[in-house]
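S.K.: Sharing a structure with you now.
The values are calculated or read from the model by the stated rules, or taken from the named source; none is laboratory data. Note that the structure is predicted; figures quoted are calculated from it, not measured. Heads up, the Cβs are rebuilt from the backbone with ideal geometry, glycines too, and the neighbour counts pull from every protein chain shown. These accessible areas exclude ligands, DNA and RNA; they are computed on the full protein's heavy atoms, side chains included. Shrake-Rupley method; radii C 1.70, N 1.55, O 1.52, S 1.80 Å.
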Amino acid sequence: MANSSLLLQLIILLLSSLSSAKTSTKNHPLPPPLTTDYYAKSCPRFHQVVQTIVVPKQSTTPTTAAATLRLFFHDCMVGGCDASVLIASNAYNKAERDMDINESLAGDGFDIVTRVKMALEIECPGVVSCSDVLAITTRDLILQIGGPHYEIKFGRRDGLESKATNVEGKLGRSNMTMNDIIRLFESHKYSVREMVALMGGGHTIGFAHCKEFQSRLFGPKPDPSVHPKLLERLKAMCANSSSDPTVSAFLDPISPGNFDNLIFKNLLNGLGVLGTDQAMASDPRTRPFVEEYARDQVLFFRDFARAMEKTSVYQVKTGNQGEVRRRCDAFNNHPKGGKSA
Ligand code: HEM
């Protein structure tokens with residue numbers, strides 16, 4: 001008898017907790033998820049329009065893919081993939097893109113997003129968000145330079161805030177230790193395996209300015225992990241970088257324009273340009289993945305694609321959160337540059 005009354009009490013408790021869970025979902029409905037066919041009705045030629053801009057831009061300006069991939073990553077890690085990095089500063093607001101780490105984001109990334117957005121505004125005005133434009137443009141550019149395909153879902157909304165101060169502590173710096181980097185990626189919910197795939201994929205293309213790696217080259221004792229030939233080449237290249245700070249080197253000195261796994265082979269041979277990349281080949285937590293990816297490009301592509309898919313939905317805004325911006329560098333209705341601090 002005592003047992004059956006206990007059971008009854010338990011059932012009542014369970015039912016009441018279920019009904020309160022239901023009410024709270026009703027009061028605060030979950031934002032809708034992203035979907036692959038989000039623009040099927042509202043902008044059916046969406047992807048064709050993107051391609052008409054992306055393909056010729058990358059062919060004529062091969063630096064576009066790397067610029068856009070870095071832009072996308074720097075956007076997603078700060079408050080989610082919401083195009084907040086694209087907002088321009090004004091008299092009232094110093095935006096994310098004017099934080100020191102973002103000042104080296106190359107103009108081609110911003111340029112391609114502006115062009116795609118303008119073409120889409122002609123095709124279907126006010127429909128496609130800047131954050132969706134950045135996500136699909138990045139994916140298509142990676143494919144165009146030989147990288148893997150991954151699925152992009154749509155329906156991201158553009159953020160209503162962009163503050164330089166939000167960037168601190170969210171992105172990696174070239175003077176970090178491997179401990180710092182692992183902790184940073186952990187804070188964004190990436191495993192070490194995903195981290196290695198992303199960093200390798202990011203740095204198998206593109207450039208770095210001398211200031212990001214010259215501490216490895218000069219001084220009484222250059223970094224012994226730099227291959228002597230590369231050391232010689234980088235030293236010659238960066239000798240006058242104080243008078244010309246724009247001097248930069250390919251992050252993957254062997255196949256800079258192709259998306260491939262050579263970056264990992266390079267790292268095993270001391271051919272990493274950034275100290276943080278080279279450290280992946282020596283740290284026992286990351287080296288096994290560097291070795292695996294150097295051996296097996298298919299595996300690297302699979303892991304990179306999965307990690308990019310994960311990145312592309314990181315802390316996204318959907319439904320009635322945020323807005324669809326009319327132009328990517330300004331909020332629609334916030335002349336003062338977004339929420340105040
Ligand atoms: C702790 C991790 C990371 C550090 C310390 C780091 C650091 C850097 C640095 C110092 C540069 C050179 C910037 C310049 O001098 O202009 C760079 C370039 C680049 N990074 Fe990273 N990065 C990291 C992770 C990533 C990830 C995860 C991605 C993408 C998935 C990525 C994509 C890129 C790309 C594509 C470039 C070349 C940009 C261009 O050529 O315009 N990085 N990174």
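S.K.: List, please: which pairs have Cβ atoms under 6 Å, are six or more places apart or on different chains, and start with a residue in the stretch 94-123 that is assigned by TED's automatic domain parsing to the domain that holds SER84 and end with one that is among the basic types (Lys, Arg) and assigned to a helix (DSSP H, G or I)?
M.R.: Close Cβ pairs satisfying both conditions: ILE112/LYS57.
S.K.: I would also like to ask the following. On the basis of being outside the structural domain of PHE72 (by TED's automatic domain parsing), closer than 26 Å to ASP100 by Cα, out of contact with any strand residue (DSSP E or B) (no Cβ under 7 Å at 6 or more places or on another chain) and open to solvent by less than 30 Å² (accessible area, probe 1.4 Å), does THR286 make the cut? Working first, answer last.
M.R.: Values: outside the structural domain of PHE72 (by TED's automatic domain parsing): yes; closer than 26 Å to ASP100 by Cα: no; out of contact with any strand residue (DSSP E or B) (no Cβ under 7 Å at 6 or more places or on another chain): yes; open to solvent by less than 30 Å² (accessible area, probe 1.4 Å): yes.
No, not satisfied.
S.K.: May I pose another question? Looking at the stretch 102-124, which of the residues that are hydrophobic (A, V, I, L, M, F, W, C) and not in a helix (DSSP H, G or I) is surrounded by the fewest Cβ atoms within 10 Å (Cβ to Cβ)? Spell out the reasoning first.
M.R.: Of the stretch 102-124, the ones hydrophobic (A, V, I, L, M, F, W, C) are 105-106, 110, 112-113, 116, 118-120, 122, 124.
Pick out the ones that are also not in a helix (DSSP H, G or I) and you get 105-106, 124.
Numbers: LEU105: 20, ALA106: 17, CYS124: 15.
Residue satisfying both the conditions and the ranking: CYS124.
S.K.: In a helix (DSSP H, G or I) and surrounded by fewer than 21 Cβ atoms within 10 Å (Cβ to Cβ) - does that describe any residue in the stretch 151-158? Full working, then the answer.
M.R.: Start the filter on the stretch 151-158 by keeping residues that are in a helix (DSSP H, G or I), which leaves none.
Looking for residues that are in a helix (DSSP H, G or I) and surrounded by fewer than 21 Cβ atoms within 10 Å (Cβ to Cβ), one finds none in the stretch 151-158, hence no.
S.K.: Restricting the search to the stretch 125-139, which residues are open to solvent by 10 Å² or more (accessible area, probe 1.4 Å) and in a loop (DSSP other than H, G, I, E, B)? It would help to see each step written out before you state the result.
M.R.: Filtering the stretch 125-139 down to residues open to solvent by 10 Å² or more (accessible area, probe 1.4 Å) leaves 125-127, 139.
Once the filter is applied, which keeps residues that are open to solvent by 10 Å² or more (accessible area, probe 1.4 Å) and in a loop (DSSP other than H, G, I, E, B), the stretch 125-139 yields PRO125, GLY126, VAL127.
Quick grid of which residues meet (1) of a type in the set (A, V, I, L, M); (2) under 25 Å from ALA208 (Cα atoms); (3) touching a helix residue (DSSP H, G or I) at 6+ places or on another chain (Cβ under 8 Å):
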site	(1), (2), (3)
PRO44	no, no, no
GLN48	no, no, no
THR52	no, no, yes
ALA65	yes, yes, yes
THR68	no, yes, yes
LEU71	yes, yes, yes
VAL85	yes, yes, yes
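S.K.: Here's another thing I want to ask about it. Which number in (1) within 30 Å of PRO148 (Cα to Cα); (2) in contact with a strand residue (DSSP E or B) (Cβ under 9 Å, 6 or more places away or on another chain) marks the one condition that ASP296 misses?
M.R.: With (1) within 30 Å of PRO148 (Cα to Cα); (2) in contact with a strand residue (DSSP E or B) (Cβ under 9 Å, 6 or more places away or on another chain) applied to ASP296, the lone miss is (2).
S.K.: Hey, any hits in the stretch 217-237 for a residue that's buried (at least 20 other Cβ atoms within 10 Å of the Cβ) and not aliphatic (A, V, I, L, M)?
M.R.: no
S.K.: Quick one: how many residues across the stretch 5-52 are at pLDDT below 95 and out of contact with any Gly (no Cβ under 7 Å at 6 or more places or on another chain)?
M.R.: The initial filter retains those residues of the stretch 5-52 that are at pLDDT below 95, namely 5-33.
Filter once more, so that each one left must be out of contact with any Gly (no Cβ under 7 Å at 6 or more places or on another chain): 5-30, 33.
The number of residues fulfilling the criteria is 27.
S.K.: What number of residues in the stretch 162-185 are free of Cβ contacts under 8 Å to residues at least 40 places away in the same chain, in a helix (DSSP H, G or I) and open to solvent by 50 Å² or more (accessible area, probe 1.4 Å)?
M.R.: The qualifying residues number 3.
S.K.: If you don't mind, another one. Across the stretch 70-84, which residue is nearest to the chain's Cα centre (by Cα) among those that are near the ligand (Cβ under 9 Å from one of its atoms) and open to solvent by 10 Å² or more (accessible area, probe 1.4 Å)?
M.R.: Result: PHE73.
S.K.: Within the stretch 245-260, identify whether any single residue is farther than 24 Å from THR61 by Cβ and open to solvent by 20 Å² or more (accessible area, probe 1.4 Å), and answer yes or no. Walk me through it before giving the result.
M.R.: First, the residues of the stretch 245-260 that are farther than 24 Å from THR61 by Cβ: none.
No, there is no match, as no residue in the stretch 245-260 is farther than 24 Å from THR61 by Cβ and open to solvent by 20 Å² or more (accessible area, probe 1.4 Å).
S.K.: Then there's this: Looking at the structure I just gave you, is HIS203 closer than 25 Å to PRO284 by Cα, open to solvent by 30 Å² or more (accessible area, probe 1.4 Å) and either within 12 Å of the ligand (Cβ to nearest atom) or in contact (Cβ under 8 Å) with a residue 40 or more places away in the chain (or both)?
M.R.: Values: closer than 25 Å to PRO284 by Cα: yes; open to solvent by 30 Å² or more (accessible area, probe 1.4 Å): yes; either within 12 Å of the ligand (Cβ to nearest atom) or in contact (Cβ under 8 Å) with a residue 40 or more places away in the chain (or both): yes.
Yes, satisfied.
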